Structure formats: C-alpha cells, structure tokens
1. What length, rounded to one decimal in nm, is gained on full extension from A352 through to D203, with 0.36 nm per residue of separation minus their alpha-carbon distance?
2. How far is it, in nm, from the label point at Q252 to the one at A119 when both lie 7 Å from their Cα along the line to the Cβ?
3. Using a 7 Å offset from Cα along Cα-Cβ at S82, what residues in the range 99-124 end up with backbone N under 15 Å from the label point?
4. What shape does the range 193-237 take by its C-alpha gyration tensor, where a ≥ b ≥ c are the square roots of the eigenvalues and a/c under 1.5 counts as rounded, a/b above b/c as prolate, and the rest as oblate?
5. Computed over the Cα atoms of the range 85-242, what is the ratio Rg over Rh, Rh following Kirkwood?
6. R173 versus N287, label points 7 Å from Cα toward the beta carbon: distance in nm?
7. Of K229/K254; K161/K279; K96/K153; K161/K303; K107/K253, which sit over 28 Å apart, Cα to Cα?
8. If I stretch the segment between D94 and E106 completely, what's the gain in nm (0.36 nm per residue apart, minus their alpha carbon distance), one decimal?
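Just so you know, all these numbers are worked out from the coordinates, no wet-lab data involved. Keep in mind that what you see is a predicted model, and the values were worked out from it rather than measured. Cβ coordinates were reconstructed from backbone atoms using ideal geometry, including for glycine residues, and neighbour counts include every protein chain displayed.
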Amino acid sequence: MSPEQPPGTPPPGMMEEMGSRGEALLGNGRTASTRLVMLGGFAGAILAITISTVLSWDVIGSGGAAQRARAAEASARAEAFSAPAGACLNWTRDDKSDIRQVPCTEKHLFELIGNVDVAGVFGKDAPFPKTDQWLQLQQERCAPVANQYLSGKFDPQGRFKLSVLLPTQEEWRNGDRQMRCGLQVPLPSGAVYPVIGAVSTQDQSDVHEAGICLGISGKSVYDPVSCDKPHSFEIIGVVDLGAQFHEGFPEQKKQDEALLNACTAMAKQYAPGQDIGKKGLTIAWDNRSQESWNAGSFRVNCKLGAPLPDGSGLAPVTGSVRGEVTVGKEPAPAVTSTPWPGTPATPVQPPAAVPHPSERPPAHPPHGPAPSSEAAGSGSGG
C-alpha cells in the first residue's frame, strides 16, 4: 500500500478484483408444456427461464369461475407474447404462468425492445438451438436492437441486461424463428428485480443504496442481503463522477484518484469513529468504462469488503461496519438453493440510519439536578 493511501484502502488493482460479479447460474428448464422460454445473459453467463402454461382452455377442468379465470390468464399470456417493442411485462408466480402486459409506469420485470428473425441462420429443418447458440445470438442480434431502442445509449455493463423470449421446441418445429429481445434487472441467483418506468427514463448505472449489503457465494458477489448475514460488500454511498468530470470520460487513474478521496470521506461519515482497518475491512469502489460513460452511467458505489488471505477472492463479512464485524478467513459456502430463474425478487431495504454508539442518548438518563438546600429548606418548613 502506498504511503499516501489511508488505512483500509485497497492496493492497486483491488477494486477490479473485489468488484467482480458472481457467476450466474443456469436455470433448470421445465420439460412440461411450455409457452415461453426466456434467455438472459449477465456477467458472461446465462439465465434460462421457462414459463409453464396451458394455452388451450378447452382442456381446462369444469367450473365456471375457475374456467373463466384460466381462460383470462391464457389470453393475457398470448397478448404478452405478441406485445410490441416498448411494452412491459410482469408476473408474480415463480412459474410465470400469470405473465401479462402492464403499463411501464407500474412494476414490471421485462421490457420488450424488438424482435429478431433468425430464419436466415436456422432453416426450416434446423434442430432447436443449444443454450450457447442462443446466448451468442442474443449478444449479436439483441445488443444492436437495444442500442437502437435507446437511441445509442444502452449500457451493456449497466443494471439492465439483455434477455430474450424464445419459441418453445414445438413452436420451433412449426417454423417460429422469432427472438423477442428485452431488458430486465437480474440478480446473480437468477431472480429478477421489479422496475417502475421505461428504461429510457432511467439511470442505467449499476448501483445500490447505502446500507445495502451484497451477499456472497463462495468467493463471489451474490444477491443483496441484510448486513447481519455473511456478505461480500457493504455499500456506504454513491458518487456521481459526472459532477466531477465535466469535460468527458476520465481514465481509470483519474477515477481512482477522485474515488479514493470521496470513498474515504464517505466511510468516515457512514461509520464515524470506527477504525475500518482494524476491523479487517477495505474501502473499494467501482469504475466506469468509456462505453458506460457514453451511455450516461456516471454513478458508482463506494463499499467496504475484505479479500481472502490468499487474495483468491472475497472473504465473507458478517455484521455492519457500524457495529461488531467478523471477517472470515475461508471462502463462504457456495449457494446451492436458488429460486426459479426469473422469480420476482423482493428488494432488500437499507436499515434506518443507526447512530454511532457515541451519539446515542444514555440508556438511563440521569435525573434532573438535585434541589438546592435552600429550596429543600423552604419545602420542609411552614
């Protein structure tokens, strides 16, 4: 560590090492009757989603109200699948069977950005593509669609990731060669965060609120958790680099110089009186690439974490820096129980601001001043 760096700040290169996302998990595809398959990619991995449905409501069991409800759901699914670019889709069930189109001003999980016909790549007798083929097509065909949809302002490293609604194998055999490209906010587990508002109206910077802790699986970042659980990072604030660099994209060295000062100040404000270095924690931050900057993603997170002793990844940290902290010396267990990919995620809320112990009122406030002897005397006489 260079002498000008305050305790608790990372050596060169630590931000990149500690800031890497965890590997995404490949979702298990159902083999039951399906109408919709969703393929998403983030952090270089794949998210596969299948939605179980029954489109033909003449096979629905008897019962007037139940039959009408099932028919309405089937109709809503068909409408969602054929919706145009700019439409937003939502579902509440893990199996996605209640997928429907909703106004983008309401909570939703998927925003359609356009269709791509891959008939020129796969003829009428071509077998159903494998997952790696779909992923390659998604990146090659949907990324340009996203950039056009957002008027050249798509940030591929931002919080919105490409995803695709695919035909089922049966529909593929019947000649459907359409990929429905879309954007959503997935987590490393495969769950998806709800969004309010169209992507074009939002900051694409991939940041979290102060007070949120990012989970850990093995040596990598995982879904947000409360800070009393093992985690990789505790978010201590957000810095807007755009407010500091008005003349264009700053190279990483300039970003690091600015963020070293900003994040160190944020750490002192976030956890006043705490010795971050003695707690085994390191100040880290994100950087922005030229591509992200051009898309308008200027905001980055300042955060606290710890590397494993051998530097092979992130150490599990339990507890907020504002209180007792335990830093593990061994990798955290890998998360093996994951939700169905595409399951709606419940956002973790940052805790209410907790004052440092030195700022809290005493547990037992002292009594008021004792009465003077004169007052006591006047009260006893008479």
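1. Numbers: separation 149, 0.36 × 149 = 53.64 nm, distance 2.45 nm.
Here the segment from A352 to D203 would lengthen by 51.2 nm.
2. According to this spin-label approximation, the distance is 4.6 nm.
3. Under 15 Å, as judged by backbone N against the label point of S82, lie 101 of the range 99-124.
4. Details: a/c = 2.58, a/b = 2.10, b/c = 1.23.
Prolate, since a/c reaches 1.5 and a/b exceeds b/c.
5. Values: Rg = 17.7 Å, Rh = 17.5 Å.
With Rh from the inverse mean 1/r over Cα pairs, Rg/Rh is 1.01.
6. Here the answer is 5.1 nm between the modelled labels.
7. Values: K229/K254 34 Å; K161/K279 35 Å; K96/K153 30 Å; K161/K303 23 Å; K107/K253 39 Å.
Violating the 28 Å limit, Cα to Cα: K229/K254; K161/K279; K96/K153; K107/K253.
8. Values: separation 12, 0.36 × 12 = 4.32 nm, distance 1.92 nm.
Additional length available on full extension: 2.4 nm.
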